[in-house]
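J.: Sharing a structure with you now.
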Amino acid sequence: MKRKYLDKIKKLESAPKKINLFSQKEIEQIEDLYKILPETVFNKKQNVRKKGWLPNYNKELDKIYIEKINEAIGDFKFDTLKSESGEDYYGLYHESFSPLKVHVDSGFKEDDIIYKQIITPLSPIGDTIFFTKRWYGPSTTFTNDPEELNFKPKPGQNERSNKHLGDKEFDKEIHKKYLSHIDINNLKGLEVEYIYPWKIGETLIVDRSHIHCASSRISGKKLGLTTFTKK
Ligand SMILES: [Fe+2]
């Protein structure tokens, strides 16, 4: 994949930033919306339950959500998949029962100007780990498993790659503390840029080109809301 607007994408990049974007009441409304939305399982294999935020279930909250994101990141378009009827999802609720491995959510279209990912934790325990390395190919899961590398993705599915790997051994302390669910050899050449410990009431804004994963710190399950944006 050859990004048409790589320069523009890079110009829009910034360091990860956590902010208090939503009030306690709004966080509660976001949680309540999750309960009433229809189930949309995207990946049984990953042991993740997902629900897309469909518009019109809570119109007032739809409006607030767009306004607040707009306040935080300026003009944007949603890029979080579409529903069966072609509506943009405002975000994706993801309830995971085991920690997500190394990947990037960089999108699938070469003429898109990918922008920020907005993560709002809805459960208190867990971390998201961001590596310094960035990726401008399509959304990819990074693996050193030869069998996994043979996986042929269908449209909309993550590619598989081992091109994240380098020579430098990964930090053993960080591996033990945060990433014991990942083979340390699959982290070779990576360095941690930022560890985000989840906290309800906060929202994390981060570039979509960042390679990242969840930490092994999970207590039963982890629930969060993620919105992918483009310009
Ligand atoms: Fe992700």
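J.: Every residue in region 118-136 that is in contact with an Asp or Glu (Cβ under 7 Å, 6 or more places away or on another chain) and part of a loop (DSSP other than H, G, I, E, B), please.
T.: Selection gives LEU122 alone.
J.: What tally of residues in region 186-231 results from selecting those that are in contact with a Phe, Trp or Tyr (Cβ under 8 Å, 6 or more places away or on another chain), modelled with pLDDT of 95 or more and among the basic types (Lys, Arg)?
T.: Qualifying residue count, region 186-231: 4.
J.: With respect to TYR115, determine if the residue is in contact with a helix residue (DSSP H, G or I) (Cβ under 8 Å, 6 or more places away or on another chain), in a loop (DSSP other than H, G, I, E, B) and either away from the ligand (no atom under 13 Å from the Cβ) or of a type in the set (Val, Ile, Thr) (or both).
T.: no
J.: Quick one: count up the residues across region 80-112 that are of a type in the set (Lys, Arg) and either within 15 Å of the ligand (Cβ to nearest atom) or touching a residue at least 60 places away in the same chain (Cβ under 8 Å) (or both).
T.: Taking region 80-112 as the starting set, the residues that turn out to be of a type in the set (Lys, Arg) are 82, 101, 109.
Narrowing the set further to residues that are either within 15 Å of the ligand (Cβ to nearest atom) or touching a residue at least 60 places away in the same chain (Cβ under 8 Å) (or both) leaves 101.
Matching residues across region 80-112 total 1.
The values are calculated or read from the model by the stated rules, or taken from the named source; none is laboratory data. No experiment lies behind these values; they were computed from the predicted model shown. Backbone-built Cβ (ideal geometry, glycine too); neighbour counts: all protein chains shown.
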